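Notes follow once the structure below has been shown.
The values are calculated or read from the model by the stated rules, or taken from the named source; none is laboratory data. All values derive from a computational prediction rather than experimental measurement. Cβ: placed from backbone, ideal geometry, glycine included. Neighbour counts: every protein chain shown. With ligands, DNA and RNA removed, areas are computed over all heavy atoms of the protein, side chains included. Shrake-Rupley method; radii C 1.70, N 1.55, O 1.52, S 1.80 Å.
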Amino acid sequence: MRTTVLLLVIVANTLIMVGCEEKQDEISPFTWSWTDTEQSFAEIDISPGTTTDVILEIPDPPYEYAFRVIAPKSIDEENGNPLVFSIHGGVGGAGREAHKSTDCIAPALEEINAFVISPNADKVQWYEVYNQIKMANLITMAVNNWPIDTTKIVATGYSDGGNGTWFLAERYPNVFSAGIALATSYNTLTTSGDARKIDIPLYVIHSTGDELFPLDQTQYWVDQTIAAGSDINFVIADGLSHYAPCDYTDHFEDAVQWLEDEVWE
């Protein structure tokens with residue numbers, strides 16, 4: 001397995017955390033530290049099969065991370081479990097419950113016994129530095145505290161979350177082993193018009209009926225990055241609406257099977 005050192009390249013201030021005996025309610029918000037945040041994260045219930053919605057206090061604005069944790073039904077203490085970083089769509093208008101939209105993907109992820117972290121974007125696009133730091137912090141704390149196979153960390157998302165999945169896959173190939181992006185519109189060209197290569201495999205699902213992101217545009221960008229050497233499985237769904245993400249469940253199940261059969265074999 002890779003060690004947590006790989007996460008240090010994500011941001012300059014990736015956390016270095018140690019244990020703390022003090023409890024959260026005994027510490028003034030003015031003295032709250034990342035060490036205290038690490039201690040609180042370590043106390044999250046990851047009993048097999050549990051789903052827990054977390055408000056985690058942090059020392060920097062906005063002073064909390066909201067996210068959902070789904071623990072696998074079978075936890076492999078010796079070899080570790082996969083970790084899926086699931087990011088929601090509709091970022092600009094998403095509310096405080098957006099990170100709880102995991103019902104469409106949870107059943108398929110049970111099949112691979114994955115831990116799932118589903119954070120709230122706080123109405124900030126996933127590619128912004130704020131959410132990159134949040135991703136780094138959450139994944140670092142998960143790897144430090146849970147039995148994670150660091151060769152099986154995956155990003156996935158729908159719509160804005162799919163665009164964020166492309167971005168994380170391109171930007172952090174040393175962290176993620178693969179990405180599953182649904183209903184996306186991610187420009188794979190440089191400002192000079194050359195295609196960029198993505199260094200980890202992606203499974204990209206797009207519908208002929210997508211009302212928001214036209215299939216032709218997404219397919220063009222996919223074709224261009226494939227020509228540049230990217231490993232992309234591009235699946236075209238027939239007639240599904242952009243506004244009915246759970247209708248993509250069967251395709252998502254196929255993508256999860258792809259992880260097992262082709263990425264992690």
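For region 68-84, name all the residues that are among the basic types (Lys, Arg) and loosely packed, with under 13 Cβ neighbours inside 10 Å.
To start, the set of residues in region 68-84 that are among the basic types (Lys, Arg) comprises 68, 73.
Once the filter is applied, which keeps residues that are among the basic types (Lys, Arg) and loosely packed, with under 13 Cβ neighbours inside 10 Å, region 68-84 yields only LYS73.
Need pairs with beta-carbon distance below 7 Å; first residue surrounded by 14 or more Cβ atoms within 10 Å (Cβ to Cβ) and within region 223-238, second among the aromatic types (Phe, Trp, Tyr); sequence gap 6+ or separate chains.
ASN233/TYR203; ASN233/TRP258; ALA237/TYR248
Mind listing whichever residues of region 211-254 are within 26 Å of VAL84 (Cβ to Cβ) and among the polar types (S, T, N, Q)?
Those that are within 26 Å of VAL84 (Cβ to Cβ) and among the polar types (S, T, N, Q): THR218, GLN219, THR225, SER230, ASN233, SER241, THR249.
Residue check: is GLU265 at pLDDT below 95 and either surrounded by fewer than 20 Cβ atoms within 10 Å (Cβ to Cβ) or among the hydroxyl-bearing types (Ser, Thr, Tyr) (or both)?
yes
Could you please give the count of residues in region 239-262 that are open to solvent by less than 70 Å² (accessible area, probe 1.4 Å) and of a type in the set (Asp, Glu)?
The qualifying residues number 0.
Select from region 45-80 the residues that are part of a loop (DSSP other than H, G, I, E, B) and touching a helix residue (DSSP H, G or I) at 6+ places or on another chain (Cβ under 8 Å) and list them in ascending order.
Matches in region 45-80: ILE58, PRO59, TYR63, PRO72, LYS73.
Restricting attention to region 211-239, which residues are more than 23 Å from ASP250 (Cα to Cα), in a helix (DSSP H, G or I) and not polar (S, T, N, Q)?
Those that are more than 23 Å from ASP250 (Cα to Cα), in a helix (DSSP H, G or I) and not polar (S, T, N, Q): TYR220, TRP221, ASP223, ILE226, ALA227.
Step by step: first the residues of region 85-108, then only those that are in a strand (DSSP E or B) and out of contact with any Lys or Arg (no Cβ under 9 Å at 6 or more places or on another chain), then the one that is surrounded by the fewest Cβ atoms within 10 Å (Cβ to Cβ). Which residue is that?
PHE85
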